[in-house]
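Chemist: Before I ask anything, let me first share the structure, which is written out below as structure tokens.
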Amino acid sequence: MFKATTLKKLILDGLRQLKPVHYIVLALILGLGIFNAVTGAMPYINQHRYERGIEKAFSKWWDNEGAEQFKAVGLEPTEKIRNEEFEQFRARALAQKPSYIVEDRIEIMKKDFREWWEIKGGKEAFAEEHKRYPSESDFRRELTKWINNYTDKFTRYNMAFVPKREQYGNLLTSWMLFPSVWSYLIFAAFFIFATVQLERRWQWYILWGIVVGVTLCGGIFVSILTGTSFFDHYDGERYMGMSLTIAFLLGATAFAPRKDMISTTTSAVCFAGLFLDMAINWFVNPGIFGAVTILSPLLFGAGAFAGTKIETRRKNKRELKLDTLNERARRVASRNPMAEMKAKTRATIEAGFASAKLGQFDQAQRQLTQAMTQLLQEHPVDGELVKSLAERMTSPTLYIEIMSNQWLEWGEIAKAKNSPEAAILLLKKGLSREKDKNFARRALYVLGETSITNKIEIEDGVKRLQKVIEMNGNDMMAKQAQRILDSIKKST
């Protein structure tokens, strides 16, 4: 489990790797979340405020007049009486003002329309206008028309796609709406996951062209399915969101032209995302999303087919260079067992930094630790490579956890193998992490001796040897440090 600091570093490192298009996508997703939160929650907030106002108005009336009226007629204003009066007061207040919640208002409208149709002359008005007696289908059609005149005033209705109304222009806006919070969270997580994965394999215009195309076609697929007898009772409901797009993208992410392009973990995440989205559509979202649930595996399969057939993105210069280096290392390794070991070490170095770039810090730590140890065991040691690796491993932007004694051990080995610059880097890193005073003092001595002997940062080396003497001036290490300092004074 990550520590809080490690998790923070992981997030910051991930943000540093984002491209401009990723920020645009994140901003779009966040904007969609805010838009859905406002349009979805505002009616409930307004209704809650109105009902809170009812409670306050009743409390004020009860405290000022209501309780006294009961006392005046000889009744004790108990809590039971207060609650009964409040329910009557609340019912009258709610009857005077329609609900802010559209769905609740629709249920009331259905009852009112049935009453008008059956009792208050609705059938007669229809017969007079159309010169025939209305049927039950006429009633449903007129009811739908009346309700639509009301719901079209609201964003979450006039932007959604309803198959029965065949307003295909709404496909341009219906994807912005989500039927539930869970659907939005699934979209946000798996859309980012799938597009980042596919961006590495496809040209950007192919990826985003498919996203737009499948999003617009999703409503058409739902319309076709609700045109069948089994799903026709859903055709008057609203279709919204991007479930089918997510299903397609997850299918394309889970399958590739070659098996080695997709890890088992990636495939597992894709299938988990599909099943999770289907479960939410079936159990949480409104009826029409039962049809979406049936279509999701089909779109996943279509995405899998596309994933196995599309491979057009050209490798960038860095990837081509890395491939060339690996191929060269393989050729050399095939002729020389020692070269094979060296090539493996260098491949491990690049693999370690690649893992770190992907945020896989535990794996990066294991790979880089192994690589540095093997590099220092070579004979002769490649001093420049040891120095380069030490610089990269001690970079403040590389978030790996290595014990201080390991850094110090590498530093002393690098010193012994005549790679003083790398030794100094490694010793400084170990010293910055070492908490044991005895080990820290030993590191100060080795670091100071290495700096002075090799004439690298001599003043810094002098300060470190002086610190060794300050910490304990009576042992052999202090005497040796003093000899080195004296020799410097004599030479100057």
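The values are calculated or read from the model by the stated rules, or taken from the named source; none is laboratory data. Note that the structure is predicted; figures quoted are calculated from it, not measured. Note that each Cβ is placed from the backbone with ideal geometry, even for glycine, and that neighbours are counted across all protein chains shown. Accessible surface areas use protein heavy atoms only, side chains included; no ligands, DNA or RNA. Shrake-Rupley method; radii C 1.70, N 1.55, O 1.52, S 1.80 Å.
Chemist: Once the Cα atoms of helix 404-416 and of the chain are each reduced to a long axis, what angle between those two axes, in degrees from 0 to 90 to the nearest 10, is obtained?
Modeler: Relative to the chain, helix 404-416 is tipped by roughly 40 degrees.
Chemist: Provide the gained length on full extension for the span Arg165 to Leu26, in nm with one decimal, where the gain is 0.36 nm per separating residue minus the Cα-Cα distance.
Modeler: Values: separation 139, 0.36 × 139 = 50.04 nm, distance 3.30 nm.
Full-extension gain reported as 46.7 nm.
Chemist: Which shape class applies to the chain: rounded if a/c is under 1.5, otherwise prolate when a/b exceeds b/c and oblate if not, where a ≥ b ≥ c are the square roots of the Cα gyration tensor eigenvalues? Provide the component values of the computation, followed by the final result.
Modeler: Working: a/c = 4.90, a/b = 1.99, b/c = 2.46.
Verdict is oblate for the chain.
Chemist: Considering only protein heavy atoms, with the full assembly of protein chains and a 1.4 angstrom probe, order Tyr133, Tyr157 by accessible area, largest first. Don't skip to the answer; put the middle values down first.
Modeler: Values: Tyr133 160, Tyr157 35 Å².
If we order Tyr133, Tyr157 from most to least accessible, we get Tyr133, Tyr157.
Chemist: How charged is the neighbourhood of Pro77? Take every other residue with its Cβ under 13 Å from the Cβ of Pro77, and add Lys/Arg as +1 and Asp/Glu as -1. Provide the component values of the computation, followed by the final result.
Modeler: Details: positive: Lys71, Lys80, Arg82; negative: Asp63, Glu65, Glu68, Glu76, Glu79, Glu84, Glu85.
Within the 13 Å Cβ shell, the charges total -4.
Chemist: Still on this structure: How large is the helix-only mean residue ellipticity at 222 nm for the chain, computed as the sum of -39500 (n - 2.57) over DSSP H runs with n ≥ 4, divided by its residue count, in deg cm²/dmol to the nearest 500?
Modeler: Details: 23 runs with 367 residues, N = 492.
Per the formula, -24500 deg cm²/dmol.
Chemist: Can you list residues whose amide H is under 5 Å from Phe161's amide H, if they're 5+ apart or on another chain and H is modeled 1.01 Å from N?
Modeler: Those lying under 5 Å, H to H, from Phe161 are Tyr239.
Chemist: Which order do you get for Ile349, Ile456 if you rank them by accessible area with a 1.4 Å probe, largest at the top?
Modeler: Working: Ile349 5, Ile456 40 Å².
Order by accessible area, largest first: Ile456, Ile349.
Chemist: Tell me the label-point distance for the pair Thr373, Ala72, using the 7 Å Cα-to-Cβ offset, in nm and rounded to one decimal.
Modeler: Going from the Thr373 label point to the Ala72 one covers 9.2 nm.
Chemist: Let a ≥ b ≥ c be the square roots of the eigenvalues of the Cα gyration tensor of region 64-209; is it rounded (a/c under 1.5), or, if not, prolate (a/b larger than b/c) or oblate? Show your work: numbers first, answer last.
Modeler: Values: a/c = 4.91, a/b = 1.47, b/c = 3.33.
Oblate, because a/c is 1.5 or more while a/b does not exceed b/c.
Chemist: Now, a different point. Find the accessible area per residue for region 372-443; the probe is 1.4 Å, ligands and nucleic acids are left out, and the unit is Å².
Modeler: On the way: 3770 Å² over 72 residues.
Averaged over the residues of region 372-443, the accessible area is 52 Å².
Chemist: Going highest first, how would you order 430-437, 246-253, 108-115 by mean Cβ packing within 10 Å? Write down the numbers at each step before the final one.
Modeler: Values: 430-437: 15.4, 246-253: 28.1, 108-115: 13.0.
In decreasing order of mean packing, 430-437, 246-253, 108-115 become 246-253, 430-437, 108-115.
Chemist: Probe 1.4 Å, all protein chains in place: accessible area of Leu408 in Å², nearest 10?
Modeler: That residue has around 20 Å² of solvent-accessible surface.
Chemist: Kindly report, to the nearest 10 Å², the accessible surface of Arg52 as traced by a 1.4 Å probe over protein heavy atoms only.
Modeler: 110
Chemist: Moving on. Express in Å², to the nearest 10, the accessible area of Cys217 obtained by rolling a 1.4 Å probe over the protein heavy atoms while all chains stay in place.
Modeler: About 50 Å², ignoring ligands and nucleic acids.
Chemist: Would you mind computing, in nm to one decimal, how far apart the modelled labels at Leu276 and Asn438 are, each placed 7 Å from Cα along Cα→Cβ?
Modeler: Each label point lies 7 Å from its Cα, and together they span 5.1 nm.
Chemist: For Met261, Met393, give me the order by solvent-accessible area with a 1.4 Å probe, most accessible first, ignoring ligands, DNA and RNA. Numbers along the way, then the final one.
Modeler: Values: Met261 60, Met393 0 Å².
Correct descending sequence by accessible area is Met261, Met393.
Chemist: Another question about this same structure. For a test of the definition: using alpha carbon positions, the gyration tensor, and the 1.5 limit on a/c, classify region 347-492 as rounded, prolate or oblate. Don't skip to the end; give the middle numbers.
Modeler: Details: a/c = 2.66, a/b = 1.91, b/c = 1.39.
Prolate, since a/c reaches 1.5 and a/b exceeds b/c.
Chemist: Relative to the longest principal Cα axis of the chain, at what angle does helix 337-357 sit, 0 to 90 degrees, rounded to 10?
Modeler: Between the helix axis and the principal axis of the chain, the angle is about 40 degrees.
Chemist: At a 10 angstrom cut-off on C-beta neighbours, averaged per residue, how do the peptides 122-131, 287-296 rank from highest to lowest? Present the calculation step by step, with values, prior to reporting the outcome.
Modeler: Numbers: 122-131: 12.6, 287-296: 21.0.
Final packing ranking: 287-296, 122-131.
Chemist: Rounded to the nearest 0.05, what FRET efficiency is calculated for Glu124 and Glu87 with R0 set to 41 Å and r the Cβ-Cβ distance?
Modeler: 0.65
Chemist: If you don't mind, another one. Could you name the lysines in cross-link range of Lys71, using Cα to Cα under 18 Å and dropping any fewer than eight places away on the same chain?
Modeler: Lys60, Lys80
Chemist: Starting from the Cα of Tyr150, step 7 Å along the direction of its Cβ; do the same at Trp61; then give the gap between the two resulting points in nm.
Modeler: So the two model labels end up 2.5 nm from each other.
Chemist: A follow-up question, please. Considering only Cα-Cα distances, which of the following residue pairs are longer than 31 Å: Lys309/Lys344; Lys415/Lys435; Lys56/Lys145? Don't jump to the answer; show the numbers that get you there.
Modeler: On the way: Lys309/Lys344 33 Å; Lys415/Lys435 22 Å; Lys56/Lys145 38 Å.
Violating the 31 Å Cα-Cα cut-off are Lys309/Lys344; Lys56/Lys145.
Chemist: Quick check: the angle from helix 4-16's long axis to the longest principal axis of the chain, C-alpha only, nearest 10 degrees?
Modeler: Tilt relative to the chain: about 80 degrees.
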